Every structure is written in C-alpha cells, then in structure tokens.
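Please read the structure below before turning to the comments.
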Amino acid sequence: MRRLGSGFHIQDALNCREAPHYRDSARPAQVWLQRATPFVLLAITALGGFLRLYQIGSKGLWLDEAFSVWLGWQPVGQMLSWLIRIDQHPPLYYLLLHVWMHLGDDAATVRALSALCGTLTIPVIYLLGRRLADEKVGLLAALILAVSPFHVRFAQETRMYTLLALYASLALYALARLVSGYNVSGFKLSKPVTPDVKPETLRWAWLGYVIFTAATLLSHNTAVFFPIATNLFVLGLHLVRVSGRHVAGFRPGGKPKTSNLKPETRFLRNWLIAQAGVLLLWLPWLPAFVIQSVGVYREFWLPAPTWRTIIGAVGAFLSDFLPLPPAGACAVGVLYAGLTLLGLVYFRRRPAHIAFLLVIFVTPFVGEWLVSLRRPIFYDRTLIWASLPLYLLLAAGMCQLRYRPYTLAAALMVLTVNALSLREYYAHFEKEQWDDAAAFVAERVEPDDLILFNATWVQIPFDFYFRFYNRSVAEHGVPVDLFDRGILEPKMTKDDLPRLRALIRGHERVWLVYSHDWYTDPQGLIPPVLEEELDLLDRWDFYGLQVQLYGVR
C-alpha cells in the first residue's frame, strides 16, 4: 500500500475500508454494534441523566448557588449591572437561569438547568469520539462522562460549570468536523472524508464553531483559554504543514503538493474569519470583562496553586470523592495513567488527533497556572471542559486493549471506581446548611431581635430560606450592609467597629450568623465586640456556618 511521507495512509486506502464489500464482510459483532449504537447511547444518556437528577434537591442551596438564584430574580438590566459591579462571571448562565426560574425557584428546579446541560453533553462527547475515532470510542467516552462524579456534582449545582462544558464540547465537535472536512494537516478519521465535502455542511460547522465558542466565552471568564487552545492547535498544524515537516500531504524535504495546498489556504482564511466572528459576538462583554478582571487582580480569595492542587484537579476529573486510602487511590491513579498512555498509543498513526486532545487538555491548566503566578485563579471547576479530551483518551485506551475481555474489564474498573465515588458523594458530601440554620433561628427569634451577618452576602442564602417563615426582624451586615461598598465580600477592620457598636445598642438580643470569617473577619473582631456589650448566651454549629446568640442574662 502506498504511503505518504508522514506514514499516513492515502485517502484511497481510507475509502477502501468503508467500501460496500468491506462492510458486507464485517464481523457480526461490528455490525451489531453499529445497529445497537443509538440504543446504547440512549441508555448511557439516560443513566447520566438519572445520576444527575438523583437526590438533586435533597441538600440546601449553598452560598454561591443562592447568589445565582438572587441574580436570577433580578430584572435583566439590574442583573447585568450587579454582575459588572460585584461578580466575576459573564451573563449567559444567569440569563438562562432567569428564564428557567419561571418554572420555580426551589433547589431541585434551579439545579435542574445544570443537570440538563450536563446530560446533553453526554451525546456530544459521543459524537466527538466517533468523529475522532469510531463508535466504540465514542460510546466509552460517553459512559465515562455519564458516571463521572465530578460532572455529577456540578450538574447538581446552580452554577454555570456544566453549561460551560456543554458549549465547549459543541465547539470542539464543530472544530473536529471542520478540520476533518478539509482533511487539514493529516487530521483523518476512521470514516472516509470525501474530497467533495458539501459546502452547506461546512457552513453549518463554521457557524456552530463561532456561536458555541462565543457561548463558551460568555459562560465563564476563564474560558478565554478555550479559543487560545483551539488557535494553538489549528495554527500550529498549519505552521507544521507550511514548514514542510513530515505531515500528510508532504514529501520529506520537498514542497507541498499543489492539490493539497488550496484547501489548507482556504481553511486558514475561513479560520481567521471565524475568529473575527467569535470576537464580534464576545465584544459587547469585553469592557465588563476588563472591569471584572481588574477587580479579581486587586483581590481574590483563591490561594496560590501548588503541584498538589494541579494533580488534585486531574484526580477530581477521574474520580472525585474516591473513598480509598492513599495506597488504593495511587493504584487507581496508576491504572488511569496506563489507560491514558494506551489512548495515546491508539492515536499513534494520527498525531494530529493527539495534538488536538493534548492541546485542549493542557492549555487551560497552563493558562490558569501562569495567571496564578500574579493573581491565583486556578480552580478545578473552571477547568471542567478540559476533562473532555481526558475522557476521550481513556476511552481510546480501553479500545487499544483490543482483546474484548480486557476492554470490558477496564470499563468495569472505571464503573466500579466511579460507583464507589458516587456513593460517597450522595451519602456524605455536604453543602452549607443555610436551610437548617434559617429554620432554627426562625423558631427562636423575637420581633425586637437583631440579626447580624459577618460576611454580608451570606444574608442572601440565609434569607432565601428565612423568607418562608414570615418573621419580621431587623437584619444588618457587618462591616456594611449588603453591597453598600459595591464589592461582594468586604473585610472587617477596626475602623468598622464603631458602626457595629451602634447597631447593637438598644437590642437586648443579637443573633450573629458567622460564616466565611477566615476571609471577611480574618482578625476575629466581631465576636469580642459583641461580648463587650452583651453576654454570649449560646452557640450552634451548622455545616459551613455558626449561629451565635448574644443577650442580657
């Protein structure tokens, strides 16, 4: 069989694989898999949907979730104003939540939007796996995503992370269609790519890439690393091609084939136009992005990342909440690492696929780490879309085992590990108990009491539940009332103590809802001042917060 300089089979060889006589002589197992694929994918998607909806409303909303709901309640104009002034996120998720909340604002309903986005990502990663490899890789990648405890967790939070993963997966699928449609730089598929690709098909792929990349950017500000990753991949391959290195369509040390140069040039031109389209859609948010970025640069709560932080993020992708001792967790990590390496071996004859997966996986890690050298922003949940190429490599690694019992054993191992992690998540993962704390205070509060909140914005999750008890009582934040300084988390200083003393005078009983004090009251100023004026009558601990009652004995 004739080969090109890079070792890739020519397109005719690919077409022969899918010729009618080849399909007719395919093994029965392969034919069965092709026929059963829609039903298997439906079952996997249903499993993922069930895991994301199971016990979705059993835990109360925690601080960030309640803030999402609070923003969802606001009129759109005020929502955008609050986002720019006090938040660090773009508006797309909050706008969708604003519409979604017409169905209700209880915990299960508002979280269901995230569950829906997480479930829809499952068939998309199948399509991406099939586009890069075949149905088997696509189905295994979909299964890994469906049972991922990391993705299940954030599918049960009223936050934007599964929306971010969904849009990124759609943009990646559109990119894979585009690159394979032009057969750019040796990016070939298990299925044939006909030289006369339908123009309308590619037009839809271009439009999808532009829209979904812009939507990714408008889902989270750290998604700026997504177009950086895709441009590194595409422009990198183009540079490799024009430099004459050993890539499909080139003779070693020679000039590019004229027949292959024209599609590449046309692709690069269209690619640059697509980047302009993405920028045009994102441009209205750019001034707000700059304002929010300046605010994060001035002060942000995340600690500087370490190597343990980075490794922990990868471990969370693989099986968050794994209830094993260190030795067992290391053994599981070794097995996952082995499957990942086998995945690279699976794509050894398609280096462009390896570049695609590795660039998409590595770029956001490196990008967030580099930014964190000046202002820490590294956070595993913001990297959620980087888990998708990792799952595809794991799926390819299972297929590289070739011997079917080995593949089934590897899949069973992944299912078992994730089942243990999911059991740990459902049974033991806790969220801040604002629902219990609000109910507790509502049963004991008196009309002349005062309720103080040390972190100011923790008043939002407390009042989300306190409103149901119809208690009329004065509430104030310290050092200032909610958002009075135009920032989300003002810190308590000694200059704020006179206001605190003025607030508690005239009240015989004062409740202090004390939470996130490590950040908002780092010097521990509030409790001593209260104890100077009143006696500490009692203290109750809830997960994530403490309720203290001061008064006259």
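Determine the pairs where a residue that is open to solvent by less than 60 Å² (accessible area, probe 1.4 Å), located within the range 481-509, has a partner that is aliphatic (A, V, I, L, M) and modelled with pLDDT under 85 with Cβ atoms under 7 Å apart, the partner being 6 or more residues away or on another chain.
These pairs meet every condition: Glu489/Ala455.
Filter the range 269-305 down to residues that are at pLDDT 95 or above and polar (S, T, N, Q), then give me how many there are.
Looking only at that region, the number is 1.
Where the second residue is hydroxyl-bearing (Ser, Thr, Tyr) and surrounded by fewer than 23 Cβ atoms within 10 Å (Cβ to Cβ) and the first is in contact (Cβ under 8 Å) with a residue 24 or more places away in the chain and lies in the range 101-121, which pairs have Cβ atoms under 9 Å and are six or more apart or on separate chains?
As it stands, the answer is Met101/Thr109; Ala107/Ser58; Ala108/Ser58; Thr119/Thr45; Leu120/Thr45, since those pairs meet every condition given.
Scan the range 209-225 and report the pairs whose first residue is without any contact (Cβ under 8 Å) to a residue 60 or more places away in the chain and whose second residue is assigned to a helix (DSSP H, G or I), with Cβ atoms within less than 6 Å and a gap of 6+ or a chain change.
Phe212/Tyr167; Phe212/Leu170; Phe212/Ala171
Can you find, within the range 292-306, the residue that is most open to solvent (accessible area, probe 1.4 Å) among those that are hydroxyl-bearing (Ser, Thr, Tyr) and not in a loop (DSSP other than H, G, I, E, B)?
The selected residue is Tyr297.
Of (1) farther than 21 Å from Ser68 by Cα; (2) in contact with a strand residue (DSSP E or B) (Cβ under 7 Å, 6 or more places away or on another chain), Leu525 satisfies all except one. Which?
Against the list (1) farther than 21 Å from Ser68 by Cα; (2) in contact with a strand residue (DSSP E or B) (Cβ under 7 Å, 6 or more places away or on another chain), Leu525 comes up short only on (2).
Can you run down the residue pairs with Cβ atoms below 8 Å, 6 or more apart or on separate chains, where the first is in the range 55-68 and more than 16 Å from Ala455 (Cβ to Cβ) and aliphatic (A, V, I, L, M) and the partner is open to solvent by 10 Å² or more (accessible area, probe 1.4 Å) and in a helix (DSSP H, G or I)?
Ile56/Ala107; Ile56/Ala108; Ile56/Ala112
Among (1) within 27 Å of Ala146 (Cβ to Cβ); (2) hydroxyl-bearing (Ser, Thr, Tyr); (3) open to solvent by 40 Å² or more (accessible area, probe 1.4 Å), there is one condition Ser81 misses while meeting the rest; what is its number?
(1)
Please state which one of Val278, Val332, Val359, Val290 is in contact with a helix residue (DSSP H, G or I) (Cβ under 8 Å, 6 or more places away or on another chain), more than 25 Å from Phe233 (Cα to Cα) and not acidic (Asp, Glu).
Unique residue meeting the criteria: Val332.
Suppose we filter the range 398-436 for residues that are loosely packed, with under 15 Cβ neighbours inside 10 Å and more than 24 Å from the chain's Cα centre (by Cα); how many remain?
Residues meeting the conditions: 8.
Among the numbered conditions (1) farther than 23 Å from Ala168 by Cα; (2) buried (at least 16 other Cβ atoms within 10 Å of the Cβ), tell me where Leu344 comes up short.
Only one criterion is unmet by Leu344, namely (1).
Kindly check whether there is at least one residue in the range 454-467 that is open to solvent by 50 Å² or more (accessible area, probe 1.4 Å) and either touching a helix residue (DSSP H, G or I) at 6+ places or on another chain (Cβ under 6 Å) or not basic (Lys, Arg) (or both).
Within the range 454-467, none of the residues are open to solvent by 50 Å² or more (accessible area, probe 1.4 Å) and either touching a helix residue (DSSP H, G or I) at 6+ places or on another chain (Cβ under 6 Å) or not basic (Lys, Arg) (or both).
Pull up the range 497-518, narrow it to residues that are under 17 Å from Asp449 (Cα atoms) and small (Gly, Ala, Ser), then point me to the one that is modelled with the highest pLDDT.
Out of the qualifying residues, it is Ala502.
Being within 18 Å of the chain's Cα centre (by Cα), of a type in the set (S, T, N, Q), open to solvent by 40 Å² or more (accessible area, probe 1.4 Å) and under 23 Å from Ala165 (Cα atoms) is true for just one of Thr382, Thr309. Which residue is that? Working first, answer last.
Numbers: Thr382 fails: open to solvent by 40 Å² or more (accessible area, probe 1.4 Å).
The conditions single out Thr309.
How about the range 340-368: which of its residues are over 23 Å from the mean Cα position of the chain (by Cα) and either outside any loop (DSSP other than H, G, I, E, B) or touching a residue at least 12 places away in the same chain (Cβ under 8 Å) (or both)?
The answer is Leu341, Leu342, Leu344, Val345, Tyr346, Phe347, Arg349, Arg350, Pro351, Ala352.
Of Tyr465, Tyr469, which residue is of a type outside the set (A, V, I, L, M, F, W, C), out of contact with any strand residue (DSSP E or B) (no Cβ under 9 Å at 6 or more places or on another chain) and touching a residue at least 40 places away in the same chain (Cβ under 8 Å)?
Tyr465
Cβ contacts < 9 Å: first residue closer than 22 Å to Ser219 by Cβ, restricted to the range 266-285; second residue outside any helix (DSSP H, G or I) and open to solvent by 30 Å² or more (accessible area, probe 1.4 Å), any location; separation 6+ or different chain. Result?
Leu281/Leu218; Trp282/Leu218; Trp285/Leu218
Taking Pro528 as meeting all but one of (1) within 29 Å of Arg153 (Cβ to Cβ); (2) open to solvent by 20 Å² or more (accessible area, probe 1.4 Å), write down the number of the exception.
(1)
The values are calculated or read from the model by the stated rules, or taken from the named source; none is laboratory data. Since we're looking at a predicted model, the values are computed, not measured. Positions of Cβ are generated from backbone atoms using ideal geometry, with glycine treated the same way; all protein chains shown enter the neighbour counts. Only protein heavy atoms, including side chains, enter the accessible area calculation; ligands, DNA and RNA are left aside. Shrake-Rupley method; radii C 1.70, N 1.55, O 1.52, S 1.80 Å.
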